Amino acid sequence: MSNKVIAIVVDGMRYDKACEALGFIQHLVETNQASLYKVKSELPSLSRPLYEVLLTGTPASMNGITSNRAVRLSTEKSLFHLTKENGLRNGTVSYYWVSELYNRAPFHFIEDREQEDESNPIQYGKFYWDDDYPDSHVLMDAEALRRKYDPHFLYIHPLGVDVKGEIFGSESKEYREQILKMGSLLAQLLPIWIKEGYHILITSDHGMSEYGNHGGITDGERDVPLFIISPKVEPGIYGEVVPQLAFAPLVCELLNIEPSDKMISYQFPGLKGKVTL
C-alpha cells in the first residue's frame, strides 16, 4: 500500500455547497470509492489560523496564529517538518501565506515564488499572491510539481472559491459556479492520482456566510467537507462531525509516520487502524 498523500484544501468551500456541486467526487462516494465527512473548523474561522490548524494539528490558543495578520513563522511542528524528518519528500502549490508559516516570513515575492531546497520544511514549492490566480493554474502547477519531484506529501491550495464567496456570498450563482469548476478540474486529475495509488483528501479551511464573510461561529462559516479516497478508509457517508484538529494526525497515519506530540488522539470513523499511537 502506498504511503503517498495528496491533500487539496479548497479555500472557503462550505460543506453544503460542496456536497451539491462536486459531482464527480460525489459519484465516487455513491459508488463506494470514497468517503464523505463533515468537519467542524476551529476558531477563528479565518484562513491563516486554519492553515496552521490543518498543517500542525494545533489550535490557535496553542500555536498563536490567531488572525490573518500574524505574519511570522510557525513555532509548531508541521506536516512539512514531519515528512522531512522522516526522510520523505514534500511539496506544495499554495497561497504565499503557507510559505510565510513554514519557510520564511515575510514572503519575498521574487526569491520565494518558486522554491527548491530539501533543507527547508517545505522542500518543493510554488507560491502565488494574486487572489485571482486561477484555480486551473494551481491544480496544473501542482501536477507538474508532482511529476517532477514525486513528493510523498503534496499539499494543494486553490483560492478561487473563497474569492468568489467573499465577493458574492455563499448563496450566489458565482460561488456555486466556482465550486463546479473546481469539481471539473479535480475530475481530470483524480483518476490519474487514484491509478497511481495516492491517498487523496479534499477539504477546506473554513466555509462562507451568505453575506460573503467568515471568521465567526455560524455553521455556514465552520462546516466544511472532507472527502477521502483511500484503501485505508471504508467508503461511505459518515454522520459523526469530525474535529478539524484530526486532519493532521490522519495525514500522518496515511503517510505511516508518527504524529507530533501535540496532535490529538482521535479514532477516525472508518479508518482501518488508529490515527495516533
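At-a-glance table
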read-out	value
Residue match in segment 34-47 (condition: within 17 Å of the chain's Cα centre (by Cα) and under 21 Å from Val93 (Cα atoms))	yes
Residue match in segment 166-173 (condition: free of Cβ contacts under 8 Å to residues at least 60 places away in the same chain, of a type outside the set (Ser, Thr, Tyr) and open to solvent by less than 10 Å² (accessible area, probe 1.4 Å))	yes
Whichever residue in segment 7-32 is in contact with a helix residue (DSSP H, G or I) (Cβ under 6 Å, 6 or more places away or on another chain) and not in a helix (DSSP H, G or I) and, among such residues, is most open to solvent (accessible area, probe 1.4 Å)	Arg14
Filter result for Pro49 (farther than 20 Å from Leu154 by Cβ and part of a helix (DSSP H, G or I))	yes
Unique residue being farther than 23 Å from Lys164 by Cβ and in contact with a helix residue (DSSP H, G or I) (Cβ under 9 Å, 6 or more places away or on another chain) when the list is Ser45, Ser35, Ser61, Ser41	Ser35
Pairs where the first residue, in segment 63-80, is more than 13 Å from Val98 (Cα to Cα) and in contact (Cβ under 8 Å) with a residue 24 or more places away in the chain and the second is open to solvent by less than 20 Å² (accessible area, probe 1.4 Å) and not in a loop (DSSP other than H, G, I, E, B), C-beta under 9 Å, 6+ apart	Glu76/Glu52; Glu76/Leu55; Glu76/Thr56; Glu76/Asn63; Lys77/Thr56
Top-ranked residue of segment 151-165 - restricted to ones that are touching a Leu at 6+ places or on another chain (Cβ under 9 Å) and within 16 Å of Asp141 (Cα to Cα), ranked as surrounded by the most Cβ atoms within 10 Å (Cβ to Cβ)	Pro158
Contacts under 8 angstrom Cβ, first residue in segment 135-149 being more than 9 Å from Leu189 (Cβ to Cβ) and at pLDDT below 95, partner among the small types (Gly, Ala, Ser) and open to solvent by 10 Å² or more (accessible area, probe 1.4 Å), 6 or more apart	none
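The values are calculated or read from the model by the stated rules, or taken from the named source; none is laboratory data. All values reported here derive from a predicted model rather than from experimental measurement. Here Cβ is always computed from backbone atoms with ideal geometry, including for glycine, and neighbour counts include all displayed protein chains. Surface areas here come from the heavy atoms of the whole protein model, side chains and all, with no ligands, DNA or RNA. Shrake-Rupley method; radii C 1.70, N 1.55, O 1.52, S 1.80 Å.
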